[in-house]
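The values are calculated or read from the model by the stated rules, or taken from the named source; none is laboratory data. Keep in mind the model is a prediction, meaning the values are calculated, not measured. Don't worry about glycine lacking a Cβ; one is built from the backbone with ideal geometry, like all the others, and counts go over all protein chains shown. Each accessible area value is taken on the protein alone, full model and side chains, heavy atoms only, with ligands, DNA and RNA left out. Shrake-Rupley method; radii C 1.70, N 1.55, O 1.52, S 1.80 Å.
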Amino acid sequence: MKMTSVVLAALVAASVVVTLHAQVKERPLPRLVKKDGRYALLVDDAPYLMLGAQVHNSSDWPAMLPKVWPAMEYLNVNTVEIPVYWEQFEPRHGQYDYAMIDTLLTEARQHRVRLVLLWFGTWKNGSQHYMPEWMKLAPDRYPHMVDKNGGAVDSPSPYASASLEADKSAFSAFMRHLKAADPQRTVIMVQVENEAGTWGSLRDYSPAAQKLFEAPVPPEVLDAMEVKAASPSPNWQEAFGPEAEVCFHAWSVARYVGQVAAAGKAVYPLPLYANAALRDPLKPGAPGSYESGGPTDNVLAIWKVAAPALDILAPDIYMNDPAAYLKVLELYHRDDNPLFVPETGGTGNARFFFSALGLQAIGFSPFGMDYTHERGDAAGGSKQREEFLTPWAMNYHLIGPMQREIARLNFEGKLQAAAEEKGKVTETLPFGPWEAVVSYGALWNNSPQGNPEPTGRVLVAQLKDNQFLVAGFFCRVDFRPAGTEQQRKSQHIVEGTGQTPSALINGKWQHRQFLRVEEGTYENGVFKFLRIWNGDETDWGLNFGAEPVVLRVSLATY
Ligand code: DGJ
């Protein structure tokens, strides 16, 4: 038989991959580890903090990448999150196009960044808009969900077995290719689907789905959700009452996504995650007011049992209410779930990168960070674009040079962080015999007023008993002796301007003394000394402004 040009091209491509693979040293697989209740993402066998940014939805095309890299450079990211589109990857059933993935790998390596690839497969924001044309044109085989009235919903059915099989095959082909083409581990994690779930209907009302909705809830779901139902094998309505449909849909979607994830992981076991369109964590509305079926905070336990191949369930946080933002971080930082923020946005929210760090986040990634858009957010003139990026860029320019140290200190439980909240002008971070006192909007000898807008943020890490690493923006940090826990019960604290932070411990005053405050920068894991801060630079506490400043502070008492 005559070899067709397509087969020939595929063989040549495969042999190129094999040859390249043979030349490049295979690095260790990225993986998630847990120790003493804390998680780390290991990349090249060491804790890694993803200083990430996600591109706009339609930016993963060769002609768009030149508008991506300059933004990433400006931000100083170490990781770029970028989609892989099913419609582009499998233009004809069973024929996969690896060209875009290869382009990404090459260009990411040239720009010295890692990648998180986002599989825009069956679901993208609750819809099936990224399914290839050959699927969109065969709705009988690849059906939409059916609503209460029998109408088609703009969302794929989680009970469509042909769609599931097609997605499993495509996702596995993509992961198989990564395994062969990426011994460098440029890709460190993969997102399976995007904001899976449904808007506009609580669940699938097709006859097959209806039958399952009326059947007993699987016992592992009852266990996971700690349901105490009246009957031994309740159906969904009996077990979950007003949340029955959302819980059922979460189980249906999670099982589907879990199977896609498992198929990919079987060929290449990279860390995998699914992202969530959130519900309001403080005032959650009734089912129907948020996307149904995704890993919202009320159904995380269902997703965990239904999709064990997913390592992380991750929140996309766009809320502008600081209390809600912080609550989301808390809800997704669980013993069974490392905290990872794969998408975020919103004016003034850049400071919450520090709040996430304080909960041992393994990564953080603002959304829409490229220059493809000509609208008011990441677009407009270059000045406007950069103003939009600047608050996020500041974080990464500060942390970038010491990213590995920060990741390690956080994994070891030595790091704490804070972000300013309106109306709260000071806060205390406890470190055993010392307390770090953080205040906002304090200049020279005045007392803290809070910044005009809450932009303050800081991290403090304990390097030794009496030595700390401090870095932040728009805040003042000082240290106060804290004594032992027993002693702290009776301590007396001096607050106020110009006074040395002191405490009356066991009847004796102890005053903080700066032994040495060194400004420096990390280079290849080593603290490089720049100068000593003293005099005006320390007499009113350690003041951080808009510049990226890192201090190593050695303390004593007198
Ligand atoms: C969340 C989605 O996950 C993103 O892909 C994007 O659509 C943003 N919303 C909104 O721009």
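Descriptive notes on the structure:
- So LYS265, is it charged (D, E, K, R) and within 16 Å of SER172 (Cα to Cα): yes
- Of all residues in the range 266-286, exactly one satisfies the criterion of being away from the ligand (no atom under 16 Å from the Cβ), without any contact (Cβ under 8 Å) to a residue 40 or more places away in the chain and within 15 Å of ILE317 (Cα to Cα), namely PRO284.
- Looking only at residues in the range 69-83 that are more than 18 Å from THR390 (Cβ to Cβ) and within 16 Å of the ligand (Cβ to nearest atom), the one that is surrounded by the most Cβ atoms within 10 Å (Cβ to Cβ) is VAL80.
- Leading residue by the ranking (nearest to the ligand (Cβ to nearest atom)) among those in the range 121-135 that are farther than 24 Å from GLN210 by Cα and open to solvent by 60 Å² or more (accessible area, probe 1.4 Å): HIS129
- Here ALA63 meets the list (1) in contact (Cβ under 8 Å) with a residue 24 or more places away in the chain; (2) part of a loop (DSSP other than H, G, I, E, B) almost entirely, failing just condition (1).
- Answer residue from the range 156-173, given it is among the small types (Gly, Ala, Ser) and in contact with a Ser or Thr (Cβ under 8 Å, 6 or more places away or on another chain) and is surrounded by the fewest Cβ atoms within 10 Å (Cβ to Cβ) among those: SER163
- Hits in the range 292-305 (condition: within 22 Å of VAL190 (Cα to Cα) and either within 16 Å of the ligand (Cβ to nearest atom) or part of a strand (DSSP E or B) (or both)): GLY293, GLY294, PRO295, THR296
- Restricting the range 25-65 to residues that are touching an Asp or Glu at 6+ places or on another chain (Cβ under 8 Å) and of a type in the set (Gly, Ala, Ser), the residue that is nearest to the ligand (Cβ to nearest atom): SER59
- Among the criteria (1) more than 16 Å from the ligand (Cβ to nearest atom); (2) surrounded by 23 or more Cβ atoms within 10 Å (Cβ to Cβ); (3) without any contact (Cβ under 8 Å) to a residue 60 or more places away in the chain, the one TYR256 does not fulfil is (3).
- Long-range neighbours under 6 Å by Cβ, at least six apart or interchain, first residue away from the ligand (no atom under 11 Å from the Cβ) and open to solvent by 10 Å² or more (accessible area, probe 1.4 Å) within the range 364-379, second modelled with pLDDT of 85 or more and not in a loop (DSSP other than H, G, I, E, B): TYR371/LYS67; TYR371/ALA71; THR372/LYS67
- Residue that is nearest to the ligand (Cβ to nearest atom) [pool: residues in the range 106-119 that are over 13 Å from MET72 (Cβ atoms) and buried (at least 24 other Cβ atoms within 10 Å of the Cβ)]: LEU118
- Residues (assigned to a helix (DSSP H, G or I) and away from the ligand (no atom under 16 Å from the Cβ)) located in the range 306-347: ALA306, PRO322, ALA323, ALA324, LEU326, LYS327, LEU329, GLU330, LEU331
- Look at (1) open to solvent by less than 10 Å² (accessible area, probe 1.4 Å); (2) within 16 Å of the ligand (Cβ to nearest atom); (3) touching a residue at least 60 places away in the same chain (Cβ under 8 Å) and you find that TRP199 fails only one, number (1).
- Residue among ALA307, ALA350, ALA301 that is surrounded by 24 or more Cβ atoms within 10 Å (Cβ to Cβ), within 27 Å of PRO269 (Cβ to Cβ) and among the small types (Gly, Ala, Ser): ALA307
- Selected residue (criterion: most open to solvent (accessible area, probe 1.4 Å)) from residues of the range 527-553 that are outside any loop (DSSP other than H, G, I, E, B) and under 25 Å from LEU75 (Cβ atoms): LEU530
- Matching residues, the range 84-102, being surrounded by 22 or more Cβ atoms within 10 Å (Cβ to Cβ) and within 16 Å of the ligand (Cβ to nearest atom): VAL84, TRP86
- Sole exception among (1) in contact with a helix residue (DSSP H, G or I) (Cβ under 8 Å, 6 or more places away or on another chain); (2) assigned to a helix (DSSP H, G or I); (3) open to solvent by less than 40 Å² (accessible area, probe 1.4 Å) for GLY241, by number: (1)
- Taken residue by residue, the range 320-333 has no member that is open to solvent by less than 30 Å² (accessible area, probe 1.4 Å) and within 17 Å of LEU117 (Cα to Cα).
- All conditions but one from (1) farther than 25 Å from PHE213 by Cβ; (2) not in a loop (DSSP other than H, G, I, E, B) apply to VAL192; the one that does not is (1).
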